[in-house]
1. Looking at (1) free of Cβ contacts under 8 Å to residues at least 12 places away in the same chain; (2) more than 14 Å from DNA strand C (Cβ to nearest atom); (3) farther than 27 Å from A:Thr78 by Cα, can you tell me which one B:Arg211 breaks?
2. Tell me whether region B:180-194 contains one or more residues that are within 13 Å of chain A (Cβ to nearest Cβ) and either in contact with a Pro (Cβ under 6 Å, 6 or more places away or on another chain) or within 11 Å of DNA strand C (Cβ to nearest atom) (or both).
3. Among the residues of region A:190-209, how many are within 12 Å of DNA strand D (Cβ to nearest atom), closer than 21 Å to A:Arg51 by Cβ and open to solvent by less than 20 Å² (accessible area, probe 1.4 Å)?
4. Out of all the residues in region B:237-248, is one or more within 12 Å of DNA strand D (Cβ to nearest atom), away from every other protein chain (no Cβ under 14 Å) and either closer than 22 Å to B:Thr89 by Cα or at pLDDT 95 or above (or both)?
5. Can you pull out every residue in region B:79-98 that is more than 17 Å from B:Gly203 (Cβ to Cβ) and either buried (at least 20 other Cβ atoms within 10 Å of the Cβ) or away from chain A (no Cβ under 12 Å) (or both)?
6. If a residue counts only when it is farther than 25 Å from A:Arg157 by Cα and out of contact with any Ser or Thr (no Cβ under 9 Å at 6 or more places or on another chain), which helices (runs of 4 or more DSSP H) contained entirely in region B:74-174 have at least 1 such residues?
7. Which of the residues spanning region B:221-242 are open to solvent by less than 50 Å² (accessible area, probe 1.4 Å), in a helix (DSSP H, G or I) and away from DNA strand C (no atom under 15 Å from the Cβ)?
8. Taking region A:181-208 as the region of interest, how many residues are closer than 20 Å to A:Asp223 by Cβ and at pLDDT below 95?
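The values are calculated or read from the model by the stated rules, or taken from the named source; none is laboratory data. Small disclaimer: the values here were computed from a predicted structure and weren't measured. Here the Cβ is made from the backbone with ideal geometry for all residues, glycine too, and neighbour counts use every protein chain on show. Quick note on the areas: whole protein, heavy atoms, side chains included, nothing else; ligands and nucleic acids left out. Shrake-Rupley method; radii C 1.70, N 1.55, O 1.52, S 1.80 Å.
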Number of protein chains: 2
Amino acid sequence: MTNPSNVVSFASQHGVDCRSCHLSSLCLPRGLPLEDIAELNGIAQPLAPVRKREALFLQGMPFTSLFAVRSGSLKQVTTTETDEYLVTTFFLPGELAGLDAIAEGSYPGSAVALETTTVCELPFEQLDALCMRVPELRQRVYRNLSQDVHNERLMLRLLLRRTADVRLACFFVAMSARFRRRGYSPYRFQLAMSRGDIGNYLGLTMETVSRTLARYQQQRLLDIRGRDFHILDLEALTRFAEESGRRGVNG
Amino acid sequence: MTNPSNVVSFASQHGVDCRSCHLSSLCLPRGLPLEDIAELNGIAQPLAPVRKREALFLQGMPFTSLFAVRSGSLKQVTTTETDEYLVTTFFLPGELAGLDAIAEGSYPGSAVALETTTVCELPFEQLDALCMRVPELRQRVYRNLSQDVHNERLMLRLLLRRTADVRLACFFVAMSARFRRRGYSPYRFQLAMSRGDIGNYLGLTMETVSRTLARYQQQRLLDIRGRDFHILDLEALTRFAEESGRRGVNG
DNA sequence: CGGTGCATTGACAAGGGTCAAATGTTGTGG
DNA sequence: CCACAACATTTGACCCTTGTCAATGCACCG
């Protein structure tokens, strides 16, 4: 129904200008020696903007590059053999898309822009070559990868036994942390994804998401205007996400 | 409550005899040249049996080795920061435990024997050294790893939106496949884990597992005697696991 | 202005969690 | 080998959470 897109803009089809792409906001180079960062920047190719509903890469495409999000946002969606449409990740500015393709050799889902989005391409061969010379970077890439994977696995297992309330609280706490880490306000942000996307990501229906948000609004935890979110009580939200709402199984 | 164990038998505390451990049933060496398999066998150290409720390795221990299960079975359990007890994996004979520690550098959960269990230790340094010389093996290890991770992520996302019926059907279909792949009967097997463990693994309560199994019994899909499972209609079970029982979100 | 898609809200039913009790099953000490 | 304790499983009753269906309100767009 919400087909990823017929109109696809592959990375390779984008105009690439030769100036380097500024990566300083990306978590990857944090704390690396300056000259290494410079080299990293030299590899990064800015791409023309990906527009809403267009795909940055498609599920099944051979893995060639990572992509650093500079502005905008994307969702990663996987279609299963049984034709289910699963939102598996969101990518925010400063984050790295494509990490989970390294292992597979091909992208395990399509990255669809939720709004007009600009990215830098990091051709993996070059990154890999650079990694050879900069062991810290290599470590960082793999740690980044394994950390992501580990976090997600654990989060999924936790989600599996939480109520809708708690799932959403977790979602907002996590989002808040992601914005904070990148230097944006952890209390006020816009999310370009629909209620349906959020629900799909958390294993809930759109309606449940909507109702739960309304409740949060009443309880003065969040102030929500469409896709504008204002966290009023992060502390309480965090407590709620961590402490309560376990279901099934003796603690 | 079911504490992993106070009495722990670390790999290093086990008596190790010097004869090599027969790995032919393991999936890892499938299709490798014979001389490589021989080398692999040379690395593998048989350990003294791990008894029920004892741990093969503990969550947080630095990663040193993979373990090939020869007989018996284990569950991997992770304790979260919020003190939740999550069953994340089961290891059956012929399978490899510890893969998910490679990335982390330490074991992300404890491997607790569900019954008396024998394993071979594969010290990773040696395995890694061997990998240097045998690129196919290296590929195989990493593919094995990434495949596991990928499968599990997808499975978790799917579980997130399935009914209890379907989760259990998936579980048995998967178990059946695992037994088949290792050369055991895919229709009749014993599972040493409790209903509680299965429930925890699938994000369900013990009671729901029990009731659902009773229903399957009535429907002549399975014949169950305690922890003895006999799949009567694998075909139907598979259809059930794949086709039906989606919840939430428009297909 | 009449679509098309997103969001909210209500009514309703069912799936499955919780609590509790009954019934096996396993393990241990005598 | 028995008796008893500890644990695992099954089953029942109840009701909360959340999915389903449906109607309505909003926005954006041609």
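1. (2)
2. Yes: region B:180-194 contains one or more residues that are within 13 Å of chain A (Cβ to nearest Cβ) and either in contact with a Pro (Cβ under 6 Å, 6 or more places away or on another chain) or within 11 Å of DNA strand C (Cβ to nearest atom) (or both).
3. Looking only at that region, the number is 0.
4. Looking for residues that are within 12 Å of DNA strand D (Cβ to nearest atom), away from every other protein chain (no Cβ under 14 Å) and either closer than 22 Å to B:Thr89 by Cα or at pLDDT 95 or above (or both), one finds none in region B:237-248, hence no.
5. Result: B:Phe91, B:Leu92, B:Pro93, B:Gly94, B:Glu95, B:Leu96, B:Ala97, B:Gly98.
6. B:124-133, B:135-159
7. Answer for region B:221-242, where residues must be open to solvent by less than 50 Å² (accessible area, probe 1.4 Å), in a helix (DSSP H, G or I) and away from DNA strand C (no atom under 15 Å from the Cβ): B:Leu234, B:Ala236, B:Leu237, B:Thr238.
8. Residues flagged as closer than 20 Å to A:Asp223 by Cβ and at pLDDT below 95 within region A:181-208 amount to 1.
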